[in-house]
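The values are calculated or read from the model by the stated rules, or taken from the named source; none is laboratory data. Everything quoted here is computed from the prediction, not taken from an experiment. No Cβ is skipped: glycine too gets one built from the backbone with ideal geometry, and neighbour counts run over all protein chains shown. When the accessible area is computed, the model is the full protein with side chains, heavy atoms only, and any ligands, DNA or RNA have been set aside. Shrake-Rupley method; radii C 1.70, N 1.55, O 1.52, S 1.80 Å.
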Amino acid sequence: MDSIINKINELKNEIEKLPVGYISKKTINGKIRYYHQWTEMGKIKSKYIKDGELEDLHEQIEQRRKLQKELKALEKEVPKMKNIPLTELHTKVSAGDKLIEMTESVRKFERRDCFKSIQKFLSMPSEPRICVIYGLRRTGKTTMLFQTIQDMSPEELSKTVYIKAEPEDTMAGLNKDLGLLHDNGIKNVFIDEITLMSDFIDSAAVLSDIYAAMGMKIVLSGTDSLGFWLAKNQELYDRAYSIHTTFIPFREYSRLLKKDDIDEYIRYGGTLRAGETDFDDEELLAEESAFRSDESTRRYIDTAISKNIQHSLAHCEDGGQFRHLYTLYEAKELTGAINRIIEDMNHRFILEVLTRDFKSNDLRLSAKNLRNETNPEKRTEILDDIDIDAVTKRLMDILEIRNAEEQKIGITKTHIEEIKEYLKALDLIYYSPVETNVAGSEPYESIIFTQPGMRYCQAQALVHSLMKDSLFNEQTETAKNNVCNRILDEVRGRMLEDIVIMETAKKLSKKKYKVFKLKFASGEFDMVIYDRDENVCGIYEIKHSDKAVDYQYRHLADEEKCAQTERRFGKIVKKCVLYRGEPFKSDDGIVYENVEEYLKTISNNTFVMREDRDVQMDEEPKITM
C-alpha cells in the first residue's frame, strides 16, 4: 500500500507541473487563432497562444491527460471513505472523487505565505481547538482550503470532507452532520463560508468543545471576517487558531502574481483577483476586477466591507454588538456611514498629500521639473502661475464630505471610533506611529489602508475631478494631463511611503524595534527604525522616482535634524534612500537601495541596519490565538 501511495504522490507532483485545460481554435477576421482554455473556480479562463508555443503546449496537455488516467487507476486501489447516506445530511458535503475534482482547479496556483499555518494546525496533536481562516473577499481563503486537500494522501482524503455552507443552513443541522460524519470515521472537516449561517457566532463553541475534543480537525473559512472576530472574542475564546488573509504584502503579491512592479501593486494591490486577469486578452478585460475603476472600488467597499460588518453585527447576540451604531442600522444608513468614513479617511489622506506638497518646496521642484522637461509635449509652466492658496482652498472644498443634510442620523465621533474599531478587526486599516521633534507637539498615529488599490483608485477619481476645475480647464489638454500625472505621482509617492513603513513594522520584531515617521519643524524623515536593545537607529527617505538626485537626501544630510534624532534615538548607523532605481552609495555616504527589492528582501528575514551585519526579525507567519 505504501508503494502505491508514494507512486500516487509522485504522479500528482508531475501533473501539478503541467498545464490544465485544453486548446481551442477560433477564426477571427479570416485568420485562425489558438487559445489555451481552462476552468478556474467555476469560470472559464482563456489565453492566446503565441506563434511557436502551440506544439509544446499540446504535448504537455496530452502528457497531463495520460498521467491523470494512470493516477485514477491507482487511486481505485486505495480504500475509500465509507458511504454516508446523502439524504441524512443537512448541509452540502463533498468527499471522495467529487472533492478531488473540485480542488483540481487550484493545483497550479502558488501558496499564500500563511498556507503553512493550516498544515501546522493539522499536524498538531488533537485538542479542543479549531482553525479559523478569515479575510476579505478575493484574498485566497477557499483556494487555501482546496490546496490543503490537494496535498493530502489518499488515506487522509478517505477521512476528509468539505462542506460549503449556505444561508439557509443552521448550526443545528451542521451539528447533526458532524455527529454522523464522526461516526463514519471522518477526521478532517473543512467548512467554507460558515459565517453565512445566521446562528454561527452565538453557537460556534460546539465545534471546539465537542467535535474537536472528539479528535476531529475542523478548519473554518468565511468572507464575513468580523463574524469570526466576534466569535473568537465571545464563543471561542482561546479555542481557535486564527489565520488572517486580508493583508497581502508586496513581496507576497509579487511572488503569487509574478509582478515585480510596485506601481502595479499600488494600483491593484489588496486582492488577488486583478492578477488573475491576462491584461493582453481582450476577452478577459470585461471581467469584474477589484479596484479597476472607482465604481468597482465602491462596490467592493459596499459588499465586501460594509455588508460584512452589518451581517456579522446583526447575527451576534441578536444585534447586541451594534452598540451606538444601532440607530444608523435601524435607519438603514449604516452602509452609507461606513462608506462615508472610509471615503473621508481617503480624502483626508489626499488632502494631506497635496497640501503638504503645495506648501513645501516639493511643488517648486515639480514646477522646475515640468519647466525643464526635455520632451516638449510634457513641458509646461502651469505650476509657476497657479495661486497656491486658491488651489489649496479648492482642494479642501472638493474633499469635503457632502450630503450631510440627507442623513437622518448624524454621524458622531462615537460612531466613527466604533466603525474604525471594526475596520481594524477586519485588518483593513493599520495605525502607523508618527513621532515629532516640534516643541509642543504630541506623537500621533496615521491611518494606512492595508489594501492600497482601494485607496489609490479613490484618490485617482478625486484627482481627476480636481482636474476639471475651471482654473485647469483654461489650460491645454497636454498641460492638464501633465499636471494630473504629476499629482498622481505625488499620491503614489506618499502611498509608497505608507507601504514601506507598514510592511517594515509588520515584519520587524516589535519587542526589539520601533518603526515610525519622524517630523521636524520643517521636513521629516520618512521612516526611522530604532533598535531599542542597542540604542541605535537608521533613517530613511522613500522616493517614488527611479532617478537619484542629491535633493532627495537633503533631510538625511541635515546636521541639526540628525543631532535632534540622535539625542532621542541613539547613534544613526544608517542613512538610506529607498527608490525605484539601481542600488549604489553616494559620495556623501548615503546608501541608495531599490525599494522593490527591499520590500521583497524583508520577507526573507534579512534586514540590514549596518552594512556588516543583519538584524533579527520575526519568524514567518505564525498561528495566532
Checked segment 97-113 for anything assigned to a loop (DSSP other than H, G, I, E, B) and either surrounded by fewer than 22 Cβ atoms within 10 Å (Cβ to Cβ) or of a type in the set (Asp, Glu) (or both); matches are Arg107, Lys108, Phe109, Glu110, Arg111, Asp113
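Condition check ((1) out of contact with any helix residue (DSSP H, G or I) (no Cβ under 7 Å at 6 or more places or on another chain); (2) of a type outside the set (Ser, Thr, Tyr); (3) closer than 21 Å to Glu110 by Cα; (4) in contact (Cβ under 8 Å) with a residue 24 or more places away in the chain) across all residues:
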{"site": "Pro19", "(1), (2), (3), (4)": "no, yes, yes, yes"}
{"site": "Ile28", "(1), (2), (3), (4)": "yes, yes, no, no"}
{"site": "Lys47", "(1), (2), (3), (4)": "yes, yes, yes, yes"}
{"site": "Lys50", "(1), (2), (3), (4)": "yes, yes, no, no"}
{"site": "Asp56", "(1), (2), (3), (4)": "yes, yes, no, no"}
{"site": "Arg64", "(1), (2), (3), (4)": "no, yes, yes, yes"}
Cβ pairs under 7 Å, 6+ apart or interchain, first in segment 311-335 and within 23 Å of Gln234 (Cα to Cα), second of a type in the set (S, T, N, Q) and surrounded by fewer than 18 Cβ atoms within 10 Å (Cβ to Cβ), ordered by first then second residue, are His315/Ser198; His324/Thr414
All-but-one check, Val161 against (1) among the β-branched types (Val, Ile, Thr); (2) in contact with a His (Cβ under 6 Å, 6 or more places away or on another chain); (3) at pLDDT 90 or above, failing number (2)
Scanning segment 211-252 residue by residue, those modelled with pLDDT under 90, out of contact with any strand residue (DSSP E or B) (no Cβ under 8 Å at 6 or more places or on another chain) and among the hydrophobic types (A, V, I, L, M, F, W, C) turn out to be Leu226, Leu230
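So which residues in segment 138-157 are part of a loop (DSSP other than H, G, I, E, B) and over 13 Å from Thr245 (Cβ atoms)?
Residues satisfying the conditions are Asp151, Met152, Ser153.
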Taking segment 306-336 and keeping residues farther than 12 Å from Asp202 by Cβ, in contact with an Asp or Glu (Cβ under 8 Å, 6 or more places away or on another chain) and open to solvent by less than 10 Å² (accessible area, probe 1.4 Å) leaves Asn308, Leu325
Only one of Asn605, Asn594 is within 24 Å of Lys507 (Cα to Cα), modelled with pLDDT of 90 or more and of a type in the set (S, T, N, Q), namely Asn594
For helices (runs of 4 or more DSSP H) lying entirely in segment 278-393, having 2 or more residues that are modelled with pLDDT under 70 picks out 282-285, 334-359, 361-371, 382-385
Note: among Gln460, Gln475, just one is over 19 Å from Ala304 (Cβ atoms), touching a helix residue (DSSP H, G or I) at 6+ places or on another chain (Cβ under 9 Å) and assigned to a loop (DSSP other than H, G, I, E, B), namely Gln475
Residue set Ala439, Ala459; condition open to solvent by 10 Å² or more (accessible area, probe 1.4 Å) and either among the aliphatic types (A, V, I, L, M) or in contact (Cβ under 8 Å) with a residue 12 or more places away in the chain (or both); output residue Ala439
Residue hits (segment 136-152; closer than 24 Å to Ile301 by Cβ, open to solvent by less than 20 Å² (accessible area, probe 1.4 Å) and in contact with a strand residue (DSSP E or B) (Cβ under 6 Å, 6 or more places away or on another chain)) are Lys141
